[in-house]
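For reference, the structure is listed below as structure tokens.
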Amino acid sequence: MTGMLKATCHCGRVALAIRLKGTLDAARRCDCSYCRRRGTPTASVARADLQIVKGAENLTLYTFGTHTAKHYFCRTCGIYTHHQRRSDPEEYGVNMGCIEGVNPKDYEPIGWHDGVNHPSDQ
């Protein structure tokens, strides 16, 4: 997939326009204490390549620990749409399941990132 893609929450109140940094084959899950509970595979997007085109006022934010990573959710349906990465704040991880026309199942097996041993924690 190339060019601008659309990503939405479940209820459609939040919509993003994104351009992937690479391919969906490079998507990963993280096993940090938070992400392993969520289990969502994410695709990488440069910060400049993500635009909230609808529903910015409907997004809510969750942070923890160092508060560097910023996790965004639709306040209506609760779907996690994207997060600003702790490892690189100039990059976002976008929930693969929110990208129109994408079923993460089609990309299995999806690899894992070692978030338990994050370099910022050393």
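The values are calculated or read from the model by the stated rules, or taken from the named source; none is laboratory data. All figures in this text were calculated on a predicted structure; none of them were measured in a lab. Here the Cβ is made from the backbone with ideal geometry for all residues, glycine too, and neighbour counts use every protein chain on show.
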**Study point:** Count - residues of the range 5-37 that are surrounded by 14 or more Cβ atoms within 10 Å (Cβ to Cβ) and hydroxyl-bearing (Ser, Thr, Tyr)
**Key:** 2
Check your understanding: Taking GLY12 and the conditions (1) within 14 Å of the chain's Cα centre (by Cα); (2) in a loop (DSSP other than H, G, I, E, B), which numbered condition does it fall short on, given that it satisfies the others?
Key -> (1)
Review point. Does TYR62 count as farther than 15 Å from GLY115 by Cβ, in contact with an Asp or Glu (Cβ under 9 Å, 6 or more places away or on another chain), at pLDDT 95 or above and not basic (Lys, Arg)?
Key: no
**Study point:** Residue check, TYR72 surrounded by 12 or more Cβ atoms within 10 Å (Cβ to Cβ), modelled with pLDDT of 95 or more and more than 11 Å from the chain's Cα centre (by Cα)
**Key:** no
Exercise for review: Among the numbered conditions (1) loosely packed, with under 14 Cβ neighbours inside 10 Å; (2) closer than 14 Å to LEU16 by Cβ; (3) more than 15 Å from the chain's Cα centre (by Cα), tell me where ASP106 comes up short.
Suggested key: (2)
